[in-house]
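Q: After the structure tokens below, expect a handful of questions from me.
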Amino acid sequence: MTPIDLAIVVPVFNERGNVPLLVAALDAALQGIAWEAIFVDDDSPDGTADVVRDIARHDPRIRVLQRIGRRGLSTACIEGMCATAAPLVAVIDGDLQHDEALLPRMAAALTADPAIDLVIGSRFVAGGGTGAWDADRVAKSALATRLSRRVLKADLSDPMSGFFMIRGAVMRGIVPRLSGIGFKILLDILTAAPQPLAFVELPYVFRTRAVGESKLDHVVALEYLIALYDRMFGRVVPVRFVMFSAIGAAGAIVHLAALALCLELGAGFIAATIVATVMAMTFNFFLNNLLTYRDRRLRGARALANGWVSFCAVCSVGAVANVGVAAFLYDVRGGAWALPALAGIAVGAVWNFALSSRFTWGRYGRKRAA
């Protein structure tokens, strides 16, 4: 058998219509190169993984990794890149917006110069372009690029690119340092490398999606900001804890608003407090499920119900710990209330975060995956 020279990792979600088109395009572009394509599918409901399997039955160069209970473009790329023995590994989107014809030039650049670690497809060097992007998307991309330069260890024109090729050995050496957060794996690689990576940029023109729908949304944009925070401050305060705490603060506002409304409607204080507490916990649970634990979020009525019960139980114990610590410090300090209150809040937040991570989005997430 001919040894594989190049592996192309293709993260996909709901791309069944594009899979056959991309395989045909790769076959045409990579004549004379021994290659394989690894489609990493986050359990797409449209049956993307089955389409890949149908092709793989007749084409041994095609493989699929179907991930159950996990989502996220960066982690999908990481798993795909670790699943090959090829000396060169490329990442390309499954929506045909990247130009697969550039792959042979990328491979040639790495083969010709052993000092180069990484070749990046760039939309912003001479000869590249953003295609049919409107002015709003161009402005958003420019802003994201400026933000990314604050954490990068390299000066490149297109740090937001999702189209690149890297040496497999270099990638495997960086993997333990990767955060896997967000959808810009190149940014993760460049900032995680212990030494600056030697790279070159090659131009390509970004194409318009012809089949399927774009995955870009406000949550994806938030994940990008989260990834930047993680690289800048994540070693001091974990990004999940920051998000969990921010949502907790928003939940406190929900609690007070619900309490005021119930009292205005004539409910007793105890009954109003119970209702407000349940509403705040429910708000916190669903928002954490959507944002803080997006990569392992619970789906389906049963998983959500079990997770909500678990989260409420954890937070109830956290509330007791909050009150207990605050009361103890209040007695010790002889009536000064601000510091004891803050200490109680901190203890409750850490408790809730640690236990909900373990039992709510750990335990039930694993059950769902199983």
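The values are calculated or read from the model by the stated rules, or taken from the named source; none is laboratory data. Fair warning: this is a prediction, and the values are worked out from it, not measured in the lab. Backbone-built Cβ (ideal geometry, glycine too); neighbour counts: all protein chains shown. Ligands, DNA and RNA are excluded from the accessible area calculation, which covers all protein heavy atoms including side chains. Shrake-Rupley method; radii C 1.70, N 1.55, O 1.52, S 1.80 Å.
Q: So which residues in the stretch 20-56 are more than 20 Å from Thr2 (Cβ to Cβ) and open to solvent by 50 Å² or more (accessible area, probe 1.4 Å), if there are any at all?
A: Of everything in the stretch 20-56, those that are more than 20 Å from Thr2 (Cβ to Cβ) and open to solvent by 50 Å² or more (accessible area, probe 1.4 Å) turn out to be Pro20, Leu21, Ala24, Asp43, Pro45, Asp50, Arg53, Asp54.
Q: Among the residues of the stretch 67-85, are any under 26 Å from Val170 (Cβ atoms), more than 24 Å from the chain's Cα centre (by Cα), open to solvent by 40 Å² or more (accessible area, probe 1.4 Å) and touching a residue at least 60 places away in the same chain (Cβ under 8 Å)?
A: yes
Q: Spot the failing condition for Val125; the list is (1) farther than 25 Å from Asp295 by Cβ; (2) aliphatic (A, V, I, L, M); (3) open to solvent by less than 60 Å² (accessible area, probe 1.4 Å); (4) at pLDDT below 80, and only one is missed.
A: (4)
Q: What are the pairs, 6+ residues apart or on separate chains, where a residue within the stretch 1-17 that is within 22 Å of Ser74 (Cβ to Cβ) has its Cβ under 6 Å from a residue that is aromatic (Phe, Trp, Tyr) and surrounded by fewer than 24 Cβ atoms within 10 Å (Cβ to Cβ)?
A: Close Cβ pairs (under 6 Å, with a partner that is aromatic (Phe, Trp, Tyr) and surrounded by fewer than 24 Cβ atoms within 10 Å (Cβ to Cβ)) amount to Leu6/Trp35.
Q: Residues that are within 30 Å of Asp42 (Cβ to Cβ) and at pLDDT 85 or above: list the helices (runs of 4 or more DSSP H) wholly contained in the stretch 176-278 that include at least 2 such residues.
A: Details: elements: 185-192, 218-233, 239-264.
Per the criteria, 185-192, 239-264.
Q: What are the residues in the stretch 44-70 that are part of a loop (DSSP other than H, G, I, E, B) and either in contact with a Ser or Thr (Cβ under 9 Å, 6 or more places away or on another chain) or on the phi > 0 side of the Ramachandran plot (or both), if any?
A: First, pick out the residues of the stretch 44-70 that are part of a loop (DSSP other than H, G, I, E, B): 44-47, 57-61, 67-70.
Of everything in the stretch 44-70, those that are part of a loop (DSSP other than H, G, I, E, B) and either in contact with a Ser or Thr (Cβ under 9 Å, 6 or more places away or on another chain) or on the phi > 0 side of the Ramachandran plot (or both) turn out to be Gly47, Arg67, Gly69.
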